[in-house]
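Novice: Structure in structure tokens, see below.
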Amino acid sequence: MLVQSQTADGLALLDDFIRSCAFLHDDWTDHEGVGGWGQYTTNPLLFSPPVCVTSSLAGYGPRTIDQLRSLGGFQGSIIQPEWRTNNLALNLRSDPQAMAALREQVQAQRLHLSSFYNDPGRRIDAIAESLSSPDHTVQAHPSHSAFMQMYSKLRFSDYIDGVPSPQAATCESLADLKAFARDSARANPGMVIKLDHRNLFHLDSADDIDGIADQLEYPLRVETAYPLTATPIVNAIRWKGQVAPLFMVDQYIRDWLHWGNGSPASGTAEQRARMVEYTLRIGEQMEGYEGVFGVDFIHTPDGAIYAVDINARFCSSTYPYGLLTRAGVDPDRTHTRYRLVPCRLDSLDDLTTDREFIALTPGSDCGLFAYDPVAYFELPHPVHYVNYVCVAPTAAACLALDEMMTRIIARHTARHSADD
């Protein structure tokens, strides 16, 4: 459990960071060959930053936006560049009117620029430079150099001094990888091979390496895989020379991909305290980085805790749990479930206007909210994924809400699928 004073310090830093930045959070990907409005461009609206650049609000619906506004979201200025591609940063750079509107607000309020990724495809630093003036230099958080250093799996060991992590090696060749795999000193035969953020392989033994050898690029990082009892994440912030935790939640993993979160997080009080301590140690070693970050942990059956990844960005859990904590809901003392699930909807109002839907309201400890529809507007019933959160005072009540939402989504998905 997080110490209350630590959480207060973290939330104060987060509030200051939000007030200091315009937000441009872009995680575009092509899905099944269809150029879609990807996740995350609307997520910062849950925080109500002074300015948010986003792709579209068309998948939300007025009832859903009204509910999120009542919880403290959707209260800042919104800039929507003309649609050209599913790369929001490119759309902004290609739209002089949107750039001028953003520059005017950034300069008037002396804001900086928060991004989700700051990789070469987005050129966030170039946008920050374009927004600057002699009176106010706009800084990108994180900067391109800081983000790329943290993004590389090969640099993970640079930030974990004093923090337990899996047995690992950097391999320059297939021979190096096979030597690591056959090392008798390793605790388990399984391995996780990490190429980049979304590209990893989980192997049961050295015998599986040849089957993926043609897909590997070197150098790469390989770690020993362990049996797992829990996979929590600690969200934290490094800002203005200070590092503080925000909250801790469990992660739901399917096929080694993130599909949601829940709270309270697993582990004993001592284990949870250690995860916070390790996260702060990592944050103190992230020289040059400014902003929110997350540290993924694993728990093993023998009680060990290992840090396995550093997310140098806002995490999927940051947005919904940031909304909850800033609204006074403590994930450590409340049962929650956050999920990303497939669907077929016209908008999120299909859900929030459903007769069964129980809306989370200000001051309540029980209810639901939906957000961030992932939509493909070239298709009928364009919302194909929905994010939602259940909040309840007990585990049983939270599960009941989740089952209710599953029924609601299934009912509307079946109705729309029958129309196709």
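Novice: Across region 365-405, what is the number of residues that are in contact with a strand residue (DSSP E or B) (Cβ under 9 Å, 6 or more places away or on another chain) and free of Cβ contacts under 8 Å to residues at least 12 places away in the same chain?
Specialist: Number of matching residues: 2.
Novice: State yes or no: is Arg272 farther than 22 Å from Leu340 by Cβ, of a type in the set (Lys, Arg) and part of a strand (DSSP E or B)?
Specialist: Spelling it out, it is not the case that Arg272 is farther than 22 Å from Leu340 by Cβ, of a type in the set (Lys, Arg) and part of a strand (DSSP E or B).
Novice: Of everything in region 161-186, what is assigned to a loop (DSSP other than H, G, I, E, B), in contact with a Lys or Arg (Cβ under 8 Å, 6 or more places away or on another chain) and surrounded by 12 or more Cβ atoms within 10 Å (Cβ to Cβ)? Give them in sequence order.
Specialist: Within region 161-186, Val163, Gln167 qualify.
Novice: Write out, first by first residue and then by second, each pair whose Cβ atoms fall under 9 Å of each other, whose residues are 6+ apart or on separate chains, and whose first residue, in region 1-24, is in a loop (DSSP other than H, G, I, E, B) and at pLDDT below 85 while the second is acidic (Asp, Glu) and surrounded by fewer than 18 Cβ atoms within 10 Å (Cβ to Cβ).
Specialist: Close Cβ pairs satisfying both conditions: Met1/Asp332; Leu2/Asp330; Leu2/Asp332.
Novice: Considering Ile212, Ile237, which residue is part of a helix (DSSP H, G or I), hydrophobic (A, V, I, L, M, F, W, C) and on the phi < 0 side of the Ramachandran plot?
Specialist: The conditions single out Ile212.
Novice: Counting only residues that are more than 15 Å from Met248 (Cβ to Cβ), crowded, with 19+ Cβ neighbours inside 10 Å and either of a type in the set (Asp, Glu) or in contact with a helix residue (DSSP H, G or I) (Cβ under 8 Å, 6 or more places away or on another chain) (or both), how many does region 260-308 have?
Specialist: Of the residues in that region, 4 qualify.
Novice: Let me ask something additional. Among (1) closer than 21 Å to Met148 by Cα; (2) more than 23 Å from the chain's Cα centre (by Cα), there is one condition Lys194 misses while meeting the rest; what is its number?
Specialist: Condition (2) is where Lys194 drops out.
Novice: Still on this model: So, Asp208, is that one surrounded by fewer than 19 Cβ atoms within 10 Å (Cβ to Cβ) and farther than 30 Å from Glu290 by Cβ or not?
Specialist: yes
Novice: Between a first residue in region 38-50 that is within 15 Å of Leu113 (Cβ to Cβ) and in a loop (DSSP other than H, G, I, E, B) and a second residue that is at pLDDT below 95 and of a type in the set (S, T, N, Q), which pairs have beta carbons less than 7 Å apart while being 6 or more apart in sequence or on different chains?
Specialist: Going by the 7 Å Cβ cut-off, the qualifying pairs are Thr41/Thr54; Thr41/Ser55.
Novice: Can you pull out the residues in region 48-97 that are surrounded by fewer than 17 Cβ atoms within 10 Å (Cβ to Cβ) and among the polar types (S, T, N, Q)?
Specialist: Passing the criteria: Ser56, Ser70, Gln75, Ser77, Thr85, Ser94, Gln97.
Novice: Give the residues of region 150-160 that are free of Cβ contacts under 8 Å to residues at least 60 places away in the same chain and not in a helix (DSSP H, G or I), sorted by residue number.
Specialist: Residue satisfying the conditions is Ser152 alone.
Novice: A follow-up question, please. Check every one of the helices (runs of 4 or more DSSP H) wholly within region 87-149 and list those with 1 or more residues that are among the basic types (Lys, Arg) and out of contact with any Gly (no Cβ under 8 Å at 6 or more places or on another chain).
Specialist: 88-93, 96-109
Novice: Here's something else I'd like to know. Please go through region 333-371 and give me each residue that is among the small types (Gly, Ala, Ser), part of a loop (DSSP other than H, G, I, E, B) and either on the phi > 0 side of the Ramachandran plot or in contact with a helix residue (DSSP H, G or I) (Cβ under 8 Å, 6 or more places away or on another chain) (or both), ordered by number.
Specialist: Ser347, Gly363 - these are the residues of region 333-371 that are among the small types (Gly, Ala, Ser), part of a loop (DSSP other than H, G, I, E, B) and either on the phi > 0 side of the Ramachandran plot or in contact with a helix residue (DSSP H, G or I) (Cβ under 8 Å, 6 or more places away or on another chain) (or both).
The values are calculated or read from the model by the stated rules, or taken from the named source; none is laboratory data. Since the model is a prediction, treat every value here as computed from it, not as a measurement. Here the Cβ is made from the backbone with ideal geometry for all residues, glycine too, and neighbour counts use every protein chain on show.
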